[in-house]
Amino acid sequence: METKLTRIACIAKAKPKERFTSLVHLIDEELLKQCHQELNGKKSVGVDEVTKEKYQQNLEDNIRVLHQKLRQMSYKPQEVKRVYIPKAGSHKKRALGIPTHEDKIVQLAVNKILTVIYEQDFLDFSYGFRPGKNCHDAIRGLNTILVTKKTNWVVDADIRGFFDNVDHQWMRKALEVRIADKQLIRLIMRMLKSGIMEQGVRQSTLVGTPQGGVISPLLANIYLHYILDLWFEKSIKKHNRGETEMVRYADDFVCCFQYENEAKQFYQQLQERLRKFGLEVAHNKTSIIEFGRYAHANRQKKGLGKPATFNFLGFTHYCGRSRNGKFRVKRKTEKKKFWGAIARMKDWLKQHRNLPIRDILQGVRIRLLGHYRYYGITDNSPMLSKYQYWVTWLMFKWINRRSQRNSYTWENFEMFLRTNPLPGPKVYISII
């Protein structure tokens with residue numbers, strides 16, 4: 001199977017206008033079994049409550065029947081199960097749609113086929129949910145633009161409810177640019193229109209690609225590749241007089257401009273462009289700011305304050321200086337993300353406060369390291385130390401709530417931590 005997919009990738013790269021006519025036959029029993037094995041069995045189950053372990057018990061028959069249904073085009077995805085998770089630093093919740101395990105298998109199989117084709121097409125400034133790319137790569141790419149290009153203005157943009165508002169007909173048209181296999185297109189459209197089950201009530205999905213599905217991030221990238229990335233590259237960037245760059249991670253993107261008028265013009269054009277495809281800018285999350293190596297001096301001349309900051313991928317980006325006085329973009333944990341992480345740690349400690357102290361300590365260590373490994377980037381050490389301080393204080397507080405009388409003074413707790421230390425803040429990722 002890997003050989004077949006590699007061959008398709010080579011054709012897609014060599015022939016950018018090639019439309020693939022025979023793809024659905026690649027979804028054979030071997031690929032379906034492989035996808036089953038690759039799926040994380042600890043993830044939430046769908047509406048049928050079937051776990052990976054339960055599906056495994058009769059794997060050969062399950063895969064054989066599934067493959068037969070796919071061949072006969074009688075396979076119909078079940079509704080996704082609606083669940084809500086907290087948004088970091090907010091009382092609002094994010095809606096997810098969890099497919100069944102069997103539907104995840106099919107989604108992953110289709111995802112593998114589409115990935116080898118579209119990875120040849122996607123532009124370099126698209127980083128989200130792509131093989132070999134991650135958030136830190138996107139931040140590095142943005143840093144390079146801000147420091148080495150003639151960037152004076154930044155448009156920090158957000159699309160309102162993007163995943164909930166993807167237009168299915170435009171999605172079909174985007175897929176058909178490269179995919180001429182009608183059976184595969186029909187299969188993908190069935191996934192999009194499978195519906196949502198919430199508290200026993202079925203809702204139709206006329207638009208959107210619910211977050212939580214295996215294939216949703218890739219479909220989002222395909223959609224945005226055609227409606228945003230290519231438009232920016234071939235229309236905006238090509239016709240602007242000044243240097244113009246973009247970095248996109250899924251539906252979150254930052255655009256950099258040399259000239260103020262071109263930044264403002266782009267913002268107007270962006271609204272019109274998104275409207276054409278049934279989308280809109282989230283005005284409360286979108287801003288045009290003066291930013292870059294000359295921003296501080298320019299604003300001083302005008303009698304204005306320090307350059308504004310912007311948020312991207314969990315960090316607040318701001319204009320700073322290196323030790324030798326050279327311009328540098330610095331970053332710190334976004335306030336909303338910081339307090340969201342504190343709230344999650346508080347909830348975890350509250351739920352597990354009756355565990356043995358050694359087990360609590362181990363759980364806190366794991367969560368601290370996870371935080372450091374994402375937020376531990378150049379210039380963010382103060383926020384890492386602040387996080388460690390808050391976590392230490394919360395741990396002390398909740399251990400003391402295990403009984404009605406306090407079992408620890410702060411001094412005793414500090415002595416305990418000397419022999420059982422928590423991981424200290426560490427910069428794992430260099431951005432410069």
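So the values come out like this:
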read-out	value
Some residue of the range 60-75 being at pLDDT below 95, within 27 Å of residue 210 (Cβ to Cβ) and loosely packed, with under 12 Cβ neighbours inside 10 Å	no
Total residues in the range 84-101, condition at pLDDT 95 or above and of a type in the set (Val, Ile, Thr)	2
Residues within the range 293-321 that are hydroxyl-bearing (Ser, Thr, Tyr), surrounded by fewer than 18 Cβ atoms within 10 Å (Cβ to Cβ) and touching a strand residue (DSSP E or B) at 6+ places or on another chain (Cβ under 8 Å), tallied	1
Some residue of the range 65-82 being more than 30 Å from residue 117 (Cα to Cα), over 28 Å from the mean Cα position of the chain (by Cα) and basic (Lys, Arg)	no
Test for residue 360: is it among the β-branched types (Val, Ile, Thr), assigned to a helix (DSSP H, G or I) and closer than 19 Å to residue 416 by Cβ	yes
Total residues in the range 368-393, condition part of a helix (DSSP H, G or I), touching a residue at least 24 places away in the same chain (Cβ under 8 Å) and within 26 Å of the chain's Cα centre (by Cα)	16
Test set (1) under 17 Å from the mean Cα position of the chain (by Cα); (2) surrounded by fewer than 19 Cβ atoms within 10 Å (Cβ to Cβ); (3) under 19 Å from residue 221 (Cβ atoms) - residue 93 fails condition number	(3)
Residue identified as modelled with pLDDT of 95 or more, touching a helix residue (DSSP H, G or I) at 6+ places or on another chain (Cβ under 7 Å), among the charged types (D, E, K, R) and within 27 Å of residue 225 (Cβ to Cβ) among 112, 104, 17	112
Flag for residue 270 being hydrophobic (A, V, I, L, M, F, W, C) and part of a helix (DSSP H, G or I)	yes
Residue match in the range 127-139 (condition: on the phi < 0 side of the Ramachandran plot, among the aromatic types (Phe, Trp, Tyr) and part of a helix (DSSP H, G or I))	no
Enumerated helices (runs of 4 or more DSSP H) restricted to the range 2-82, each holding at least 2 residues that are in contact with a Phe, Trp or Tyr (Cβ under 7 Å, 6 or more places away or on another chain)	59-71
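Conditions (1) touching a Ser or Thr at 6+ places or on another chain (Cβ under 6 Å); (2) not acidic (Asp, Glu), marked per residue:
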site: 222; (1), (2): no, yes
site: 237; (1), (2): yes, yes
site: 245; (1), (2): no, no
site: 250; (1), (2): no, yes
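The values are calculated or read from the model by the stated rules, or taken from the named source; none is laboratory data. Everything numeric in this text was worked out from a predicted model, so none of it was measured. No Cβ is skipped: glycine too gets one built from the backbone with ideal geometry, and neighbour counts run over all protein chains shown.
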